[in-house]
Amino acid sequence: MDKVAELDKLQNEMAGDKSLPLKTNLVFGEGNPDCEVLFIGEAPGFNEDQEKRPFVGRAGQLLRKNIRDLGWQERDVYITNIVKRRPPENRDPLPEEIENYKPYLARQIEIIAPKIIVPLGRFSMNYFLPLAKITRDQGKLFEMNGLFILPMLHPAAALRGTEALNMFEGTFKKLPAALTKVTSGKLEEEKEITTPEKLKLENVQSKLF
């Protein structure tokens, strides 16, 4: 598959889809279509809308700094959002907006086929894991339908305080080891992978106790 051509085709299809909510600039995503790690946020902000690129504002700079701090290149990963246009006043994306953009994200993921998906923040995490809670489940490695998912705090949340920043950076440092284990197949499933079924059980237990 020519991933670049397929992503270009998908982007053009989105640009022409008048049924999609929000009428700001399309911020499709950027990076290496052959990446092993795909970062997914919730929606573009002001700077992203202006530049038509994901994660270029203050939160984006923190994300990109942490990518480089691992010794990786920004061009070697892929960065995008669920919702591809900026909501008014940078508000949270509405459920119906997420729902409308979902099919395009699903196809984007299918084309890129990363080894690990890193949802940034609760909206992105709940796209994959509706029962997960960001402060409890960030930093855990999940397996769902053949996809490996490692949620993190959104970098904007990490900028709000030292504790959140330490949590964000600590989880980021786990990425290389998680990637190595996923690509080598040397995961100890019971200890290192959480499944949606286990998460569901955890949520039931948290309500009972």
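Name the single residue that is farthest from the chain's Cα centre (by Cα) among those in segment 34-52 being surrounded by fewer than 21 Cβ atoms within 10 Å (Cβ to Cβ) and within 23 Å of residue 115 (Cα to Cα).
Ranking the qualifying residues of segment 34-52, first place goes to 34.
Hey, residue 15 hits all of (1) in contact with a Leu (Cβ under 6 Å, 6 or more places away or on another chain); (2) crowded, with 19+ Cβ neighbours inside 10 Å but one; which does it fall short on?
Residue 15 satisfies every listed condition except (2).
Can you name the residue in segment 112-167 that is of a type in the set (Ser, Thr, Tyr) and either surrounded by 16 or more Cβ atoms within 10 Å (Cβ to Cβ) or in contact with a helix residue (DSSP H, G or I) (Cβ under 6 Å, 6 or more places away or on another chain) (or both) and, of all such residues, is modelled with the lowest pLDDT?
Looking at residues that are of a type in the set (Ser, Thr, Tyr) and either surrounded by 16 or more Cβ atoms within 10 Å (Cβ to Cβ) or in contact with a helix residue (DSSP H, G or I) (Cβ under 6 Å, 6 or more places away or on another chain) (or both), I get 127.
With respect to residue 114, determine if the residue is out of contact with any Pro (no Cβ under 9 Å at 6 or more places or on another chain), in contact (Cβ under 8 Å) with a residue 40 or more places away in the chain and closer than 30 Å to residue 19 by Cα.
Yes.
So which of 161, 170 is without any contact (Cβ under 8 Å) to a residue 12 or more places away in the chain, more than 15 Å from the chain's Cα centre (by Cα) and farther than 15 Å from residue 44 by Cα?
161
Return the pair list, or none, for Cβ contacts closer than 6 Å from residues in segment 21-37 that are at positive phi to residues that are among the charged types (D, E, K, R), at least 6 apart or on different chains.
Partner pairs satisfying both residue conditions: 22/85.
State whether the residues of segment 39-53 include one that is small (Gly, Ala, Ser) and farther than 21 Å from residue 147 by Cα.
Taking every residue of segment 39-53 in turn, at least one turns out to be small (Gly, Ala, Ser) and farther than 21 Å from residue 147 by Cα.
The values are calculated or read from the model by the stated rules, or taken from the named source; none is laboratory data. Note that this is a predicted model, so its numbers are computed, not measured. Cβ: placed from backbone, ideal geometry, glycine included. Neighbour counts: every protein chain shown.
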